[in-house]
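K.L.:
Can you read through this structure? Questions will come right after.
The values are calculated or read from the model by the stated rules, or taken from the named source; none is laboratory data. Small disclaimer: the values here were computed from a predicted structure and weren't measured. Using ideal geometry, Cβ is built from the backbone for each residue, glycine included, and neighbour counts are taken over all protein chains shown. Ligands, DNA and RNA are stripped out before the accessible areas are found, and what is left, the full protein with its side chains, is counted by its heavy atoms. Shrake-Rupley method; radii C 1.70, N 1.55, O 1.52, S 1.80 Å.
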Amino acid sequence: MVPVPRIERREALHYMGWHGAALDDALLGQMDRAEQQLTENVRPHLIARRFSLRNGCPDGTEYVPGGSDICELLAECHSVILMAATLGEAADRLIRRSMLQGGSQGFILDAAASAMIEAVCNAWENGLRKHVREENGYLTDRFSPGYGDMPLEDGRKICNILETGKKIGLTVSASNIMLPQKSVTALIGISDKIQKHRPAPCEVCSARGTCALAEGRNHR
Ligand code: SF4
């Protein structure tokens, strides 16, 4: 199990389709409640394995990462890490139960849970970055199936290599739905050269000038 992280509020709001509008106390209160419900109930798990890269593929596996975008991302890398993380079934149950009760709390819980699994992955990635810097290495961006031209099927291939079903209770359905639903699979490359990164959402956001939660601003 990995620690339950704090949720990035703006991340949860983005999952609700918010784009910088003013926030009322009622909504903020519901978000606090959602985070508390999740923190009290979920047990996040994460598994990761590092591979040397041979011809753009994790050495010792038959896995060929799908699409051209991932090949470009790994072009300067000597190693790749395959990772998978999940909030577990408790999160799905909590959301389902709340949705059945009606009202907006289920929707807010769903968005908060999406933000929480992202926070789990971000915390892991920050720790990895420190570790890799100690060996004078640099990370690429985290890249998941469904990003760019990478097929969703790659999620199943990553789960099979990592044996996520047995090790963290994460499986992928025939239609490429991850179960439990609040789960992530991804690849991240390691290079000896500094890597270009995607701009942070706030850097390229049209609402930046007026948004109360814009990165770098003091907010509640
Ligand atoms: S400025 Fe940042 S927090 Fe605000 S809406 Fe844009 S991306 Fe979201």
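K.L.:
Identify which of MET99, MET83, MET178 has the largest mean-square fluctuation in a Gaussian network model of the chain, with springs joining Cα atoms closer than 10 Å.
P.N.:
Of MET99, MET83, MET178, the Gaussian network model singles out MET99 as fluctuating most.
K.L.:
Another question about this same structure. Pull up the cross-link candidates among the lysines for LYS166, meaning alpha carbon to alpha carbon under 17 Å and not fewer than 8 places away within one chain.
P.N.:
Straight-line reach from LYS166, under 17 Å: LYS157.
K.L.:
Given a 1.4 Å probe and every protein chain left where it sits, what share in percent of the accessible area of region 9-204 is carbon and sulfur?
P.N.:
Solvent-exposed carbon and sulfur of region 9-204 make up 51 percent of the total.
K.L.:
Follow-up. Give me the one-decimal nm value for the distance between modelled label points at ASN41 and ARG198, 7 Å along each residue's Cα-to-Cβ direction.
P.N.:
Going from the ASN41 label point to the ARG198 one covers 2.8 nm.
K.L.:
Against the longest principal axis of the chain, how steep is helix 153-162, in degrees 0 to 90 to the nearest 10, with axes from Cα atoms?
P.N.:
Its long axis makes an angle of about 70 degrees.
K.L.:
Now, a different point. Between the helical axis of 25-41 and the dominant principal axis of the chain, each derived from Cα atoms, what acute angle in degrees is found, rounded to the nearest 10?
P.N.:
That works out to roughly 50 degrees.
K.L.:
Under a 10 Å cutoff between Cα atoms, tell me which one of ALA174, ALA84, ALA119 has the largest fluctuation in the Gaussian network model of the chain.
P.N.:
The residue with the greatest mean-square fluctuation here is ALA174.
K.L.:
Right, another one. Given a 1.4 Å probe, how much area per residue of the chain is accessible, in Å²? Write down the numbers at each step before the final one.
P.N.:
Details: 11780 Å² over 220 residues.
Here the per-residue accessible area is 54 Å².
K.L.:
Next question. What residue among SER52, SER98, SER173 has the largest mean-square fluctuation in a Gaussian network model of the chain, using Cα springs under 10 Å?
P.N.:
Among SER52, SER98, SER173, the largest GNM mean-square fluctuation belongs to SER173.
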